[in-house]
Amino acid sequence: MNSPPVSAVSADLAARVLPDKYQVTQGEYPTKAFLKLLLTVAAGILPLQVVAAPLAPAVSSRVAEIIASRCALCHGPEGESASAIYPRLAAQHPDYIVKQLKDFRDGRRKGETMTDMAKDLQDTDIAGLAAFFSSRKAGGRQSGDVDLAGVGKYIFHRGNNFSGVAACASCHGPKGFGTELLPRLAGQHPAYIEIQLKEFNKRERTNDNSIMHSIASKLTELETKAVSVYIGGLQ
């Protein structure tokens, strides 16, 4: 009994475990890099989820309708807001999205538009929205004004000991990825970050204010602008 050619075996295995960009068709001779990748997967050295294409979570018809008729209007269908005054939601932590939506719905966070959008959301709707947007991939970012971003980098990573400003990285992480309960800042619109810092300073942001007010109230106008620009360029 003749064995199938290696290219046929490779193509069959690839079709089952690898995303399209790694696949070959029957009759093609697989490259050394391709075969090495297959052997690595087969040996269990590289987990399948590393090479598997990311899958979007299933959403209910109601959640899909909410995304299309409400969220997408300002935040975009994939959470990549095109407007600088609306936050990007793509890759944001799901628990943070859940908290903010519940705070809008229950009146703990004030926002004329969002209060109306969230007022009839059920907990299951909120969980579905959070799962969807947190699964979206954050797009690439431009660093903006390099000199201004340099000032922001210093504040973000080291704070300002002279005025008592704590380093942003101490809570939000060195790359701005945040935690389950603290927001991802990396790649957020600089204008949105700046607006939020100023609202924290004036106590116009009505939730999560205690710690952030103590920081934002000590930032100069230059530092506020600079750290916002730096954060916007993080990947």
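When you go through (1) in contact with a Gly (Cβ under 7 Å, 6 or more places away or on another chain); (2) crowded, with 16+ Cβ neighbours inside 10 Å one by one for residue 142, which number turns out not to apply?
Among (1) in contact with a Gly (Cβ under 7 Å, 6 or more places away or on another chain); (2) crowded, with 16+ Cβ neighbours inside 10 Å, the lone unmet condition for residue 142 is (2).
Taking interchain pairs and intrachain pairs at least six residues apart, which have beta carbon atoms under 8 angstrom, with the first residue in region 212-235 and closer than 15 Å to residue 151 by Cβ and the second of a type in the set (Asp, Glu)?
Listed pairs, sorted by first residue: 224/194; 225/194; 228/194; 229/145.
State whether one or more residues within region 117-130 are surrounded by 14 or more Cβ atoms within 10 Å (Cβ to Cβ), within 30 Å of residue 223 (Cα to Cα) and not assigned by TED's automatic domain parsing to the domain that holds residue 176.
So far as region 117-130 goes, no, none of its residues is surrounded by 14 or more Cβ atoms within 10 Å (Cβ to Cβ), within 30 Å of residue 223 (Cα to Cα) and not assigned by TED's automatic domain parsing to the domain that holds residue 176.
Of all residues being part of a helix (DSSP H, G or I) and of a type in the set (Ser, Thr, Tyr) in region 68-113, which is surrounded by the most Cβ atoms within 10 Å (Cβ to Cβ)? Just the residue, please.
96
Give just the number: which of (1) closer than 30 Å to residue 61 by Cα; (2) modelled with pLDDT of 95 or more does residue 111 not satisfy?
(2)
Residues are listed down the side, and each one gets a yes or a no for (1) at pLDDT 95 or above; (2) charged (D, E, K, R):
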| residue | (1), (2) |
| --- | --- |
| 107 | yes, no |
| 123 | yes, yes |
| 128 | yes, no |
| 131 | yes, no |
| 139 | no, no |
| 144 | no, no |
| 148 | yes, no |
| 163 | yes, no |
| 168 | yes, no |
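Sort out which residues of region 96-136 are without any contact (Cβ under 8 Å) to a residue 12 or more places away in the chain, of a type in the set (Gly, Ala, Ser) and closer than 20 Å to residue 76 by Cα, and write them in order of number.
111 - this is the single residue of region 96-136 that is without any contact (Cβ under 8 Å) to a residue 12 or more places away in the chain, of a type in the set (Gly, Ala, Ser) and closer than 20 Å to residue 76 by Cα.
For every residue, the table says whether it meets (1) surrounded by 16 or more Cβ atoms within 10 Å (Cβ to Cβ); (2) in contact with a Leu (Cβ under 6 Å, 6 or more places away or on another chain).
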| position | (1), (2) |
| --- | --- |
| 200 | yes, no |
| 211 | no, no |
| 215 | yes, no |
| 226 | yes, yes |
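Tell me which of these residue 219 doesn't satisfy, since it passes every other one: (1) closer than 22 Å to residue 173 by Cβ; (2) touching a Lys or Arg at 6+ places or on another chain (Cβ under 7 Å).
Of the numbered conditions (1) closer than 22 Å to residue 173 by Cβ; (2) touching a Lys or Arg at 6+ places or on another chain (Cβ under 7 Å), the odd one out for residue 219 is (2).
What's the number of the only condition in (1) closer than 18 Å to residue 196 by Cβ; (2) assigned by TED's automatic domain parsing to the domain that holds residue 205 that residue 110 fails to meet?
For residue 110, the exception is condition (2).
With the condition kept exactly as written, say whether any residue in region 198-207 is in a loop (DSSP other than H, G, I, E, B), assigned by TED's automatic domain parsing to the domain that holds residue 107 and not hydroxyl-bearing (Ser, Thr, Tyr).
Applying the first criterion (in a loop (DSSP other than H, G, I, E, B)) to region 198-207 yields 203-207.
From the residues that got through so far, the ones that are assigned by TED's automatic domain parsing to the domain that holds residue 107 too are none.
No.
Test residue 56 against the stated conditions and say whether it is out of contact with any Cys (no Cβ under 7 Å at 6 or more places or on another chain), within 25 Å of residue 187 (Cα to Cα), at pLDDT below 95 and of a type in the set (Gly, Ala, Ser).
In short, yes.
From the list 191, 169, 186, which residue is under 22 Å from the mean Cα position of the chain (by Cα) and buried (at least 20 other Cβ atoms within 10 Å of the Cβ)?
Among 191, 169, 186, only 186 is under 22 Å from the mean Cα position of the chain (by Cα) and buried (at least 20 other Cβ atoms within 10 Å of the Cβ).
The values are calculated or read from the model by the stated rules, or taken from the named source; none is laboratory data. Remember, predicted model here, so these are calculated numbers, not experimental data. Neighbour counts run over all protein chains shown; Cβ positions are idealised from the backbone, glycine included.
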